[in-house]
């Protein structure tokens with residue numbers, strides 16, 4: 001099941017898994033302390049007061065590391081790749097804890113204690129994950145959905161069902177017999193009250209999806225189900241919850257008018273800016289040696305003849321233009337004719353060094369200065385060139401609404417949609433950008449930043 005947390009839908013099962021693993025990791029540190037002293041034949045006595053703080057820091061570091069390598073993404077298979085990700089999360093957490101011990105010496109523990117803590121953590125996490133996968137792969141763990149409608153909109157849900165493991169449709173109730181996009185064998189006769197059907201089929205959600213909304217719906221019955229605890233959604237809200245995007249095919253301005261979100265309050269803007277400044281400063285302090293190496297590589301490849309940085313006009317917050325800064329990854333004559341072109345996969349204009357820094361996202365590092373200047377955010381829709389914005393704004397409805405927030409170094413669309421350089425790809429990416437605009441918050445930014453670490457580490461989606 002999915003729940004809404006700070007405006008973002010998250011898996012209730014994975015949220016509970018995270019809490020359980022936090023507890024396991026916390027007590028793994030305590031067990032490691034006991035084990036180390038027991039082996040040494042020393043009396044443990046009362047636990048030191050600082051051990052609980054050390055265990056808390058260790059559990060927090062491990063949990064963040066596990067999120068960053070993708071261990072809480074839905075649909076992750078139980079495979080050898082899972083063990084690799086767990087191992088990598090241990091490596092990241094070990095580096096973080098070394099920094100914690102250096103900064104706060106009172107929290108430091110013996111190396112043997114850390115070794116045992118990590119051993120217990122690995123066994124506990126692996127055991128819990130084994131149990132979790134066995135239970136949650138069962139069909140009954142999926143949300144059961146009842147759909148009102150058998151037309152085109154209902155068919156969208158039927159098409160989505162095999163692609164999304166998070167829900168299962170128990171049937172479609174016709175509200176207009178002229179809507180026949182859904183095969184008749186999947187229809188559920190409305191021969192009893194809706195609440196009885198909900199109980200019989202253990203329905204978690206009802207989705208209102210008739211093609212003609214002017215038809216008379218069983219309002220009283222729907223209200224009865226709603227007041228009895230069954231979630232009732234329209235088609236757009238259902239797609240938002242299940243796919244984390246706003247489906248353009250059925251988006252109407254009225255839905256935007258009456259739905260929550262699409263607004264960043266003063267506190268939310270302030271917390272988002274604080275997160276931007278803090279993380280951007282840390283990124284700069286950590287990566288400036290890499291920036292220097294990239295600079296030298298570009299100079300060596302070009303024989304010192306081409307510029308290191310590439311400056312280009314992009315469209316930012318509320319349509320205001322600004323200069324974005326990147327390491328140059330293309331030849332200097334990439335657009336010698338002055339015609340703006342989208343970058344494409346295997347673009348012949350990209351240099352050898354450029355291919356490497358694009359694949360590792362190092363070409364984006366100078367945009368940290370755009371973030372520090374307030375022209376960009378760490379997270380937001382990727383900024384496009386004015387020429388493309390003008391074209392896409394004419395061809396794709398609601399395209400300019402993506403400029404309601406600052407553009408970002410990374411974004412929900414970049415994480416959720418593979419590389420693409422066509423108008424249709426821009427349309428699909430806009431669905432994810434609109435989801436971010438609707439639900440933007442420091443909390444969602446933190447989720448995206450952690451998942452971006454996975455993209456950088458595993459090379460997913462790079463172009």
Given the conditions (1) farther than 24 Å from residue 223 by Cβ; (2) modelled with pLDDT of 85 or more, and given that residue 164 satisfies all but one, which numbered condition is not satisfied?
-> (2)
In segment 201-230, how many residues are surrounded by 18 or more Cβ atoms within 10 Å (Cβ to Cβ) and under 30 Å from the mean Cα position of the chain (by Cα)?
-> 8
Quick one: would you say residue 409 is outside any loop (DSSP other than H, G, I, E, B) and within 26 Å of residue 64 (Cβ to Cβ)?
-> yes
Given the residues 34, 14, 9, which is the only one that is modelled with pLDDT under 90, surrounded by 13 or more Cβ atoms within 10 Å (Cβ to Cβ) and not in a helix (DSSP H, G or I)?
-> 9
When you look at residue 378, is it part of a strand (DSSP E or B), surrounded by 24 or more Cβ atoms within 10 Å (Cβ to Cβ), touching a helix residue (DSSP H, G or I) at 6+ places or on another chain (Cβ under 6 Å) and in contact (Cβ under 8 Å) with a residue 60 or more places away in the chain, yes or no?
-> yes
Within segment 304-347, the residues that are modelled with pLDDT of 85 or more and either more than 27 Å from residue 406 (Cα to Cα) or surrounded by fewer than 16 Cβ atoms within 10 Å (Cβ to Cβ) (or both) are 307, 309, 311, 312, 313, 318, 319, 320, 321, 323
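For segment 161-253, which fully contained helices (runs of 4 or more DSSP H) count at least 1 residues that are within 30 Å of residue 444 (Cβ to Cβ)?
On the way: elements: 194-200, 219-227, 235-243.
Fully inside segment 161-253 and qualifying: 219-227, 235-243.
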In segment 387-406, is there at least one residue being touching a residue at least 12 places away in the same chain (Cβ under 8 Å) and under 30 Å from residue 297 (Cα atoms)?
-> no
Over segment 350-362, the set of residues in contact with a helix residue (DSSP H, G or I) (Cβ under 6 Å, 6 or more places away or on another chain) and touching a residue at least 60 places away in the same chain (Cβ under 8 Å) is 357, 361, 362
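The values are calculated or read from the model by the stated rules, or taken from the named source; none is laboratory data. Computed from a predicted structure; not experimentally measured. Positions of Cβ are generated from backbone atoms using ideal geometry, with glycine treated the same way; all protein chains shown enter the neighbour counts.
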